[in-house]
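The values are calculated or read from the model by the stated rules, or taken from the named source; none is laboratory data. Quantities reported herein were computed from a predicted structural model and do not represent experimental measurements. Positions of Cβ are generated from backbone atoms using ideal geometry, with glycine treated the same way; all protein chains shown enter the neighbour counts. Protein only, heavy atoms only, side chains kept; ligands, DNA and RNA dropped before computing areas. Shrake-Rupley method; radii C 1.70, N 1.55, O 1.52, S 1.80 Å.
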Amino acid sequence: MDADLPNFSAAAPMVLVVHDEAVERDELVEYLRGHLAAQYRVLAAAGLREASDVLAHALTLGTPIALVVSLLRLPDGSAVELFGHVKAASPTTRRIVMARPADAEATVQAITQTQVDRYLMLPAEPLADRLFPLVDDLLTDWEAHAAGSSVGVTVLGHRYSATSYVIKDYLTRSLVPFTWFDLSEDPQAIAMARDLNLPSPAPTTVLLDDGRALYDPSIAQLAESLGLTEPATRASYDLVVVGGGPAGLSAAVAAACDGLSVAIIEDDCPGGQASGSVHLQDHLGYPAGLTGADFAHRALAQAKRLGVHWCSGKVATALLPRLGAHRVMLGDEAVVVGRAVLLATGMTWRRLDAPGAEDLLNAGVYYGYTKLDIRQVAGEDVVVAGVGDAAARGALEFAEHSRSVVFVVRESSLGNAGVREDLAEQVLAHPRIRVVCDSEVGEVRGYGRLDKVILLDVPTGATESVPASSLYVLLGTVPCSDWAREAVGVDEFGFVLTDVDVARRPERLPASWPEDRPPMPAETSVPGVFAAGDVRAGTVKRISSAIGQGAVAVAGVGRYLASLSPTDEASGEPSGEP
C-alpha cells in the first residue's frame with residue numbers, strides 16, 4: 001500500500017487494487033494510473049485486512065470509492081468477503097474480481113451471489129487490452145450514478161398522494177438518491193413543513209441542497225432542475241428519435257457512431273418501461289444480471305459520450321411529415337426537426353377498466369412496479385392483478401415484504417394465464433400468496449387512498465371484498481402510438497406498420513405510399529419515418545429484440561438520408577400526409 005493510511009486530501013475518487021503478489025500488484029497500479037490519469041486516485045493493498053482498512057479510512061473521510069479490483073483468493077480471505085463489505089458500505093462502488101483457472105467454480109458462485117460486476121480470468125495478456133474495457137465500462141456506469149447524486153434531494157409528501165408517488169417513482173428509476181419524509185405521520189416532516197410555511201394540505205415539496213424548492217413539480221421541471229435533460233439546440237437533426245427505451249437508445253448510439261446528429265425525445269426517464277424492471281437476467285453479457293435502470297443509464301451514458309442530445313421530460317404530441325424536415329411537435333409547443341425520425345415509443349401498461357380505478361391512480365392503484373413499490377408495502381396487504389411471468393414475479397417479490405398478497409387471474413389456472421411452470425409452483429407454494437383464479441377486479445374503493453378491492457368471480461358473478469393498501473395491475477401492454485396515428489399507418493391494435501406490411505395493408509394507412517421504391521426495412525408508411533422496438537407491428541417484445549431493431553433501423557435511415565437531394569431538403573414538401 002502507498003502508506004499505512006493514505007492521504008485522501010485530493011478530491012479524486014478512489015480505485016483500489018488488491019493483490020498479494022507485489023510485482024503484479026505494482027504492474028496493475030502502474031497500468032491503471034497511466035490509463036486513468038488524474039481523474040481517479042489508484043491505491044493498492046496486499047490482502048483483505050489491509051484493503052478493509054483503506055476502504056474504512058476513505059469512507060470516514062467521505063472519499064468516493066469508484067472501483068475495487070481484487071484477486072479472488074487473498075492470503076487472509078477472499079474477494080467475495082471483501083466485496084460483501086464493499087457492497088454494504090458503498091453500494092455504488094463497482095467490483096472486478098481476477099481469478100486463476102483453478103478458481104473458475106468459485107468465480108461463478110461469486111457472480112451468482114451478485115457480489116461481482118465483472119470478472120477477469122488470469123493470465124490476461126495483454127493486460128491493458130483485457131482490463132481497460134472492463135474498467136472503463138464500470139467507471140462510466142459509476143459516474144452516471146454519481147452524477148445523479150450530485151444534488152442532494154429531499155421530498156416531503158404524503159404516502160398516498162399521486163403527485164408524491166410520481167416524483168418518487170421518477171427519482172428511483174432515474175437513479176437519483178433522495179430522502180423521503182411522510183407528512184402524514186412523521187413529526188420531523190410536519191416540523192419541516194411548518195418551517196417552510198407550507199399551506200395545509202401541503203403540496204409535494206422537493207428540496208434541493210442548493211436552496212431551491214419545487215412545489216408539486218412536473219417531470220419536466222424536475223428533470224430540468226436536476227440536470228437530467230438538455231435542450232434540442234440544433235435547427236435540424238439528421239435523426240430525431242422519439243422514445244428513450246432500448247430501441248431508441250440503441251438506434252441513437254448506432255446513428256451517432258455513423259456520424260449523424262441525433263436527438264432523443266423522451267417524456268420520462270431513460271429506458272422507458274424497461275427502467276422499471278427490478279432484475280434483467282436475459283441480457284447478453286451480464287452474467288450477474290442488472291436492473292432495468294442500470295441498463296438504461298449505461299446506454300444513455302454511451303449515447304451522450306457520442307454527442308447525442310438527451311431531451312427528457314418532453315412529450316411528443318404530433319408528427320408533421322415534411323420531406324427532409326419532419327417535425328416532431330412537443331407538449332410545450334416546441335418543435336424538433338429531423339431529416340429522419342424514428343418512432344421508438346414502446347408500450348405502456350393496459351389500464352384497468354373498473355369503477356374507482358382512475359380516481360385512485362397512483363394513490364393505491366399502480367401500473368407496473370419498481371424497487372420503490374416493493375419497499376413501501378412492507379407489512380401491508382397487496383393485490384396483484386395480471387397475466388404472465390411479469391405478474392407472477394411481482395407477486396413473489398411483494399410477498400417477501402408485504403403481510404399478504406392476493407394474486408388475481410382471469411384464467412382458470414396460472415398456466416392458462418401464461419405463467420411458466422416453475423414460477424407457478426413458487427407462487428402456489430408461497431405461504432403469503434393466495435391465488436384467485438377465474439376472477440377479475442370488479443371495483444376499487446377508497447377515499448383518497450385505496451381501502452378495498454372488490455373481486456368478481458367471472459363464471460358465477462359472485463363478489464369478494466379484499467382489504468388492501470395497494471393494487472398492482474400487470475394486465476399486459478398497449479402500444480404508445482396515439483400521438484402519431486394521423487401520420488403513419490397502424491394495425492388494428494395500434495402497432496406501427498413498417499416495410500412489407502405497408503404494402504400488404506393499404507387500408508390501414510392515412511395516405512398511400514408516395515414513392516416508386518418500396519419502403520426500406522423498418523420504414524413506416526411515411527418516407528423517412530422509421531419505427532423500432534415494441535411499438536412496431538410484428539416484433540418480438542423483448543429488450544434484446546428492441547436493441548437489435550434499433551440498430552437495424554439506422555441502416556435504413558442511412559440509406560434514406562443518402563437518397564435525399566439538396567432540392568428535396570430545400571422544398572420541405574409534405575411527405576405521406578393525407
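Scanning the stretch 402-433 for residues being in contact (Cβ under 8 Å) with a residue 24 or more places away in the chain, open to solvent by 50 Å² or more (accessible area, probe 1.4 Å) and outside any loop (DSSP other than H, G, I, E, B) gives a total of 1. If I filter the stretch 175-214 down to residues being under 21 Å from Thr370 (Cβ atoms) and of a type in the set (A, V, I, L, M), which single residue comes out as surrounded by the most Cβ atoms within 10 Å (Cβ to Cβ)? If we take residues in the stretch 175-214 being under 21 Å from Thr370 (Cβ atoms) and of a type in the set (A, V, I, L, M), then Val206 is surrounded by the most Cβ atoms within 10 Å (Cβ to Cβ). Taken over the stretch 507-526, the residue count meeting the criterion of being within 21 Å of Asp482 (Cβ to Cβ) and either of a type in the set (Val, Ile, Thr) or open to solvent by less than 40 Å² (accessible area, probe 1.4 Å) (or both) is 7. The stretch 1-114 holds strands (runs of 3 or more DSSP E) entirely within its bounds, and those carrying 2 or more residues that are farther than 15 Å from Asp136 by Cα, at pLDDT below 90 and open to solvent by less than 80 Å² (accessible area, probe 1.4 Å) map to 94-99. Quick check on my filter: what residues within the stretch 461-479 are farther than 20 Å from Val387 by Cα and under 28 Å from the mean Cα position of the chain (by Cα)? Of everything in the stretch 461-479, just one residue is farther than 20 Å from Val387 by Cα and under 28 Å from the mean Cα position of the chain (by Cα), namely Ser469.
Would you call Ala399 open to solvent by less than 50 Å² (accessible area, probe 1.4 Å) and more than 28 Å from Ser184 (Cα to Cα)? No.
Of all residues in the stretch 527-548, those being within 28 Å of Trp349 (Cβ to Cβ), open to solvent by less than 20 Å² (accessible area, probe 1.4 Å) and in contact (Cβ under 8 Å) with a residue 60 or more places away in the chain number 7.
Picking from residues in the stretch 468-484 that are surrounded by fewer than 23 Cβ atoms within 10 Å (Cβ to Cβ) and of a type in the set (Gly, Ala, Ser), the one that is nearest to Arg327 (Cα to Cα) is Ser481.
Could you figure out which of (1) out of contact with any Phe, Trp or Tyr (no Cβ under 9 Å at 6 or more places or on another chain); (2) over 25 Å from Gln273 (Cβ atoms); (3) polar (S, T, N, Q) isn't true of Thr205? Only one criterion is unmet by Thr205, namely (1).
Among the conditions (1) open to solvent by 40 Å² or more (accessible area, probe 1.4 Å); (2) within 30 Å of Val335 (Cα to Cα); (3) assigned to a strand (DSSP E or B); (4) not small (Gly, Ala, Ser), Thr163 misses just one, which is (3). Evaluate the stretch 491-503: report whether one residue or more is in a helix (DSSP H, G or I), within 16 Å of Ala340 (Cα to Cα), free of Cβ contacts under 8 Å to residues at least 60 places away in the same chain and open to solvent by 30 Å² or more (accessible area, probe 1.4 Å). No, that holds for no residue. Would a scan of the stretch 455-465 turn up a residue that is in contact (Cβ under 8 Å) with a residue 40 or more places away in the chain and either farther than 30 Å from Gly538 by Cβ or of a type in the set (Lys, Arg) (or both)? Checking the stretch 455-465: at least one residue is in contact (Cβ under 8 Å) with a residue 40 or more places away in the chain and either farther than 30 Å from Gly538 by Cβ or of a type in the set (Lys, Arg) (or both). Within the stretch 34-48, residues that are touching a residue at least 12 places away in the same chain (Cβ under 8 Å) reach partners that are surrounded by 18 or more Cβ atoms within 10 Å (Cβ to Cβ) and of a type in the set (Gly, Ala, Ser) with beta carbons closer than 8 Å, at six or more positions or on different chains, in the pairs Tyr40/Ala66; Ala45/Ala51; Leu48/Ser78. Scanning the stretch 405-449 for residues that are touching an Asp or Glu at 6+ places or on another chain (Cβ under 7 Å) and among the charged types (D, E, K, R) yields Arg410, Arg420, Asp438, Arg445.
A Cβ distance below 6 Å, combined with a sequence gap of six or more or placement on separate chains, defines the contacts here; from the stretch 208-220, residues that are closer than 12 Å to Tyr170 by Cα reach residues that are modelled with pLDDT of 90 or more and not in a strand (DSSP E or B) in the pairs Ile219/Tyr170; Ile219/Gly313; Ala220/Gly313.
Candidates in the stretch 363-392 are the residues that are in contact with a helix residue (DSSP H, G or I) (Cβ under 7 Å, 6 or more places away or on another chain) and open to solvent by 30 Å² or more (accessible area, probe 1.4 Å); of these, the one that is nearest to Trp349 (Cα to Cα) is Tyr369.
With the structure loaded, tell me whether Gly259 is of a type in the set (Gly, Ala, Ser), modelled with pLDDT under 95 and assigned to a loop (DSSP other than H, G, I, E, B) or whether it fails that test. So Gly259 does not fit the description; no.
Conditions tested, residue by residue: (1) modelled with pLDDT of 95 or more; (2) out of contact with any Phe, Trp or Tyr (no Cβ under 9 Å at 6 or more places or on another chain).
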| residue | (1), (2) |
| --- | --- |
| Ala468 | yes, yes |
| Tyr472 | yes, no |
| Ala511 | no, yes |
| Glu515 | no, yes |
| Met520 | no, no |
| Pro527 | yes, no |
| Asp534 | no, no |
| Val540 | no, yes |
| Ser544 | no, yes |
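Thr460 falls short on exactly one of the conditions (1) assigned to a loop (DSSP other than H, G, I, E, B); (2) of a type in the set (Val, Ile, Thr); (3) open to solvent by less than 90 Å² (accessible area, probe 1.4 Å), and that condition is (3). Residues that are modelled with pLDDT under 70, open to solvent by less than 60 Å² (accessible area, probe 1.4 Å) and out of contact with any strand residue (DSSP E or B) (no Cβ under 8 Å at 6 or more places or on another chain) within the stretch 266-323 comprise Ser275, Gly276, Ser277, Val278, Gly285, Ala288, listed in sequence order.
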